[in-house]
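The values are calculated or read from the model by the stated rules, or taken from the named source; none is laboratory data. The model shown is predicted, which means the values in this text are computed figures rather than measured ones. Cβ sites come from the backbone with ideal geometry, for glycine too, and all protein chains shown count toward neighbours. Heads up: the accessible areas ignore ligands, DNA and RNA and are worked out on the full protein's heavy atoms, side chains in. Shrake-Rupley method; radii C 1.70, N 1.55, O 1.52, S 1.80 Å.
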Amino acid sequence: MSTRTTPLADPLDLIDLAAVLTDEERDIQATVATFLADRVRPHLAEWFENAHFARELAPEMGALGLLGMHLDGYGCAGTNAVSYGLACLELEAADSGFRSFVSVQGSLAMYSIHRWGSEEQKQEWLPRLAAGTAIGCFGLTEPDFGSNPAGMRTRAVRDGGDWILNGSKMWITNGGIADVATVWADTDEGVRGFLVPRGTPGFSTRDIRQKMSLRASVTSELHLADVRLPAEARLPGAAGLRGPLSCLNEARFGILFGAVGAGRDSLQAALRYADSRVQFDRPISGFQLTQRKLADMAVALGNSALLAVHLGRLKDGGRLRPEQVSVGKLNNVREALTIARECRTILGANGISLEYSPIRHANNLESVLTYEGTSEIHTLVIGQALTGQAAYR
Ligand code: FAD
């Protein structure tokens, strides 16, 4: 015979993560959660089904300080890294598409300008990008070069004082809606970054359709055919692959928090469902096999959340190393995907419906596992840190 006791008031925070956060960090997290509950969550199933990105919410996200949140000046909020991470956690608890939008806007497009741009480029683009009145994208991946961007074929050659760009980029988040694209191209001096405004002659985009993942997010191809840019369009500080890789490291930091959110939201759906679904005359939450799944997921989620906050504290202390970001991205995305799939099983047939979030999160996390460095590449980055040997080359 089973005995019922009162479950935890907040079963989603078994380890009391809130205890290691400051009041300000908790407030920021709560503000983002409220915005998403009001403006985003009620529409997510429809947006995912119809492959719609709610672009009109960009200025609202800007007003909340979510865009370029951890950057200083130029209208950016200038929060600490942990607060930015917690915002990403809440965004991805809603949908990875919203976290992707914020990551690409803030950590790829804006960060590339903030870190490597001229003062004129910063003044021209950052305030609008922070406000969400302009949208940015980041073009590194090409059809034939994903994990190995060093092989890129997009070329920029000098023509008098100008640059002429030719090539194409693939799988670019926000590409079709971007007002400005940070495009990475090979030159006689190595890889360089360029700001390509929408409407520049020879620059076109095409959205990628029939995605089964990140459907509430725009993903596009960028085409550059004899695109002429003035010398001032080049990001003056970026030389070599270090330029784009520094931006990716920033974006991965948001992902390692975001994945915790997708896992948490899946677990919440499974807990609720397991409590109300009755089979063999009892809630399925009372079966040992269901409880084993729930317990394993709660433990994995707590570990991921602690790892994220720990890495955030290292970042705030200026001590976060790239291989540590790989540890977080590899572990937290892998765990979140396992959790989302496991939660789907608890929901039985209902688990394949968009009425419940786990299958949407699982599908989204398939992209998250691949972009910003695949799980295999992050494994090999950690392997290199441990052995001194780069097995991926
Ligand atoms: P590949 O590099 O071809 O890899 C295929 C498989 O081979 C993977 O399993 C990989 O791990 C494995 N592999 C490759 N090399 C090795 C190795 N040395 N050792 C072991 N295994 C290896 N890119 C951008 O530039 N900007 C964006 O905004 C952007 N947004 C994206 C949005 C979505 C929804 C998706 C799906 C992708 C996005 N990307 C973006 C692209 C993403 O970064 C790439 O897909 C990723 O880098 C992997 O490249 P690839 O798809 O070409 O796979």
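Points worth noting:
- For the residues Arg313, Arg319, the requirement of being surrounded by fewer than 24 Cβ atoms within 10 Å (Cβ to Cβ), in contact (Cβ under 8 Å) with a residue 24 or more places away in the chain and not assigned by TED's automatic domain parsing to the domain that holds Glu25 singles out Arg313.
- Scanning the stretch 48-63 for residues that are assigned to a loop (DSSP other than H, G, I, E, B) and open to solvent by less than 70 Å² (accessible area, probe 1.4 Å) yields Ala51, Phe53, Ala54.
- For the stretch 1-19, the set of residues classified as modelled with pLDDT under 90 and touching a helix residue (DSSP H, G or I) at 6+ places or on another chain (Cβ under 7 Å) consists of Ser2, Pro11, listed by residue number.
Rundown of residues vs (1) in contact with a Pro (Cβ under 7 Å, 6 or more places away or on another chain); (2) under 16 Å from Val196 (Cβ atoms); (3) within 13 Å of the ligand (Cβ to nearest atom); (4) of a type in the set (D, E, K, R), yes/no style:
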position	(1), (2), (3), (4)
Glu119	no, no, no, yes
Glu124	no, yes, no, yes
Pro149	yes, no, yes, no
Met152	no, yes, yes, no
Val157	no, yes, no, no
Gly160	no, no, no, no
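- Tally of residues being of a type in the set (D, E, K, R) and either outside any helix (DSSP H, G or I) or not assigned by TED's automatic domain parsing to the domain that holds Gly258 (or both) across the stretch 280-303: 2
- For Ala349, the test of being farther than 23 Å from Gly146 by Cα, more than 16 Å from the ligand (Cβ to nearest atom), part of a helix (DSSP H, G or I) and touching a residue at least 12 places away in the same chain (Cβ under 8 Å) is failed.
- Some residue of the stretch 174-189 being within 20 Å of Val368 (Cβ to Cβ), within 12 Å of the ligand (Cβ to nearest atom), assigned to a loop (DSSP other than H, G, I, E, B) and not hydrophobic (A, V, I, L, M, F, W, C): yes
- Restricting attention to the stretch 73-95, the residues that are out of contact with any helix residue (DSSP H, G or I) (no Cβ under 6 Å at 6 or more places or on another chain) and open to solvent by 10 Å² or more (accessible area, probe 1.4 Å) total 4.
- Residue within the stretch 205-213 that is surrounded by 22 or more Cβ atoms within 10 Å (Cβ to Cβ), within 16 Å of the ligand (Cβ to nearest atom) and under 15 Å from Cys137 (Cβ atoms) present: no
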